[in-house]
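Each remark here refers to the structure printed beneath this line.
The values are calculated or read from the model by the stated rules, or taken from the named source; none is laboratory data. Worth saying up front: this structure is predicted, and the values here are computed from it rather than measured. Cβ placement follows ideal geometry from the backbone for every residue including glycine, while neighbour counts extend to all protein chains displayed. Please note that ligands, DNA and RNA were not included when accessible areas were found on the heavy atoms of the full protein model with its side chains. Shrake-Rupley method; radii C 1.70, N 1.55, O 1.52, S 1.80 Å.
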Amino acid sequence: MSRSGKVKLRLGVLVSGRGSNLQAILDAIAEGTLSAEVAVVVSDRPDAPALSRIDDAAPKIPGVVVERGAYPTGEAFDDAIADVLDEHGVELVVLAGFMRVLGAGFVRRFQGRVVNIHPSLLPSFPGLHAQRQALLHGVKVSGCTVHLVDETLDGGPILAQTAVPVLPGDTEESLSERILKEEHALLPKTIQEMIEARFNN
Ligand code: GRF
């Protein structure tokens, strides 16, 4: 894809909850360190606090709720999300705290154009409660990973990682907070690097 330096890549951000990584993307765009625009935010949960973060965004970013329960199969749910992303001209899909695994059909449809942020140094501790898993295993270093999404849980080629120390006396909460701070830096930075490397030539 050939793009001029001034064209902003259209992001589709998928969320399920708090949306602090979505906020980090919005902040980086506002600061000019991320040459992208959020074309649409899709949530599988109508009550996701992430949705209220876009209420104040100017120009207003559309927020679309696609609930799993409204579709008979996982494939139909995935297709509904993919249709919303296509309708909004999304070029890169960002999973930012999206708590569902997308199927092979979705991954094929957006081949190489879906990234995820995960709060561990993958391939260690995929899945839920990555920080709790890290503490239970007694690792001394954990961190966060941004990776391309394939049809496996938290699989796919690793794009970037930041290591975070696990300190004596850490709780799941304190470790999560230390990792989250790094997530907020790593995700927008990696998206910008992708734009420069893959889309901006
Ligand atoms: C983050 O820790 C992210 O790595 C994980 O889910 C959490 C989402 O947080 N996938 P938020 O919704 O972005 O605040």
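So the values come out like this:
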quantity	calculated
Ranking by accessible area, most exposed first, for Asp44, Asp86 with a 1.4 Å probe	Asp86, Asp44
Long-range HN-HN contacts of Leu9 with modeled amide H, under 5 Å	Ala36, Glu37
Cα long-axis angle, helix 20-31 against the chain (0 to 90 degrees, to the nearest 10)	60 degrees
Accessible area of Phe110 in the full protein assembly, 1.4 Å probe (Å², nearest 10)	0 Å²
Amide hydrogen neighbours beyond the local backbone of Val65, cut-off 5 Å, H modeled	Ser43
Cα-based helix-to-principal-axis angle, 172-194 vs the chain, degrees rounded to 10	40 degrees
Potential extension, Val64-Ala185 segment - 0.36 nm per residue separation minus Cα distance	41.0 nm
Contact order normalised by residue count of the chain, Cα under 8 Å, 6+ apart, percent	23 percent
Estimated vicinal HN-Hα couplings, Hz - the range 70-76 in sequence order (Karplus 6.51, -1.76, 1.60; Gly, Pro = x)	7, 10, x, 9, x, 5, 5
Max mean-square fluctuation residue, GNM over the chain, Cα-Cα springs under 10 Å, options His88, His129, His184	His129
Average accessible area per residue (Å²) across the chain - probe 1.4 Å, nucleic acids and ligands excluded	48 Å²
Nitroxide proxy distance, nm - points 7 Å out along Cα→Cβ at Thr171 and Ala30	3.0 nm
Qualifying aspartates and glutamates (Cα of each under 15 Å from Cα of Lys140; at least 8 residues distant if same chain)	Asp170, Glu172
Amide hydrogen neighbours beyond the local backbone of Ala160, cut-off 5 Å, H modeled	Val146
Net length gained if the chain between Ile158 and Thr73 were fully extended (0.36 nm per residue, minus Cα distance)	27.7 nm
Fraction of beta bridges assigned by DSSP in the chain that are antiparallel (%, nearest 5)	40 percent
Contour excess over end-to-end distance, with Cα ends at Arg18 and Val141 and 0.36 nm allotted per residue	41.8 nm
Cα-based equivalent ellipsoid of the range 83-201: semi-axis lengths in Å, sorted from largest, via gyration tensor	28, 15, 11
Apportionment of accessible area to carbon and sulfur, the range 42-150, percent (1.4 Å)	54 percent
Computed over the range 138-201: relative contact order in percent, which uses C-alpha pairs under 8 Å that are six or more apart	32 percent
Asp150 accessible area, assembled protein chains, probe 1.4 Å, Å²	50 Å²
The chain, helix-only ellipticity at 222 nm - DSSP H runs n ≥ 4, -39,500 (n - 2.57), divided by all residues, nearest 500	-10500 deg cm²/dmol
Alpha-carbon centroid distance for the pair the range 139-197 / the range 1-79, whole angstrom	19 Å
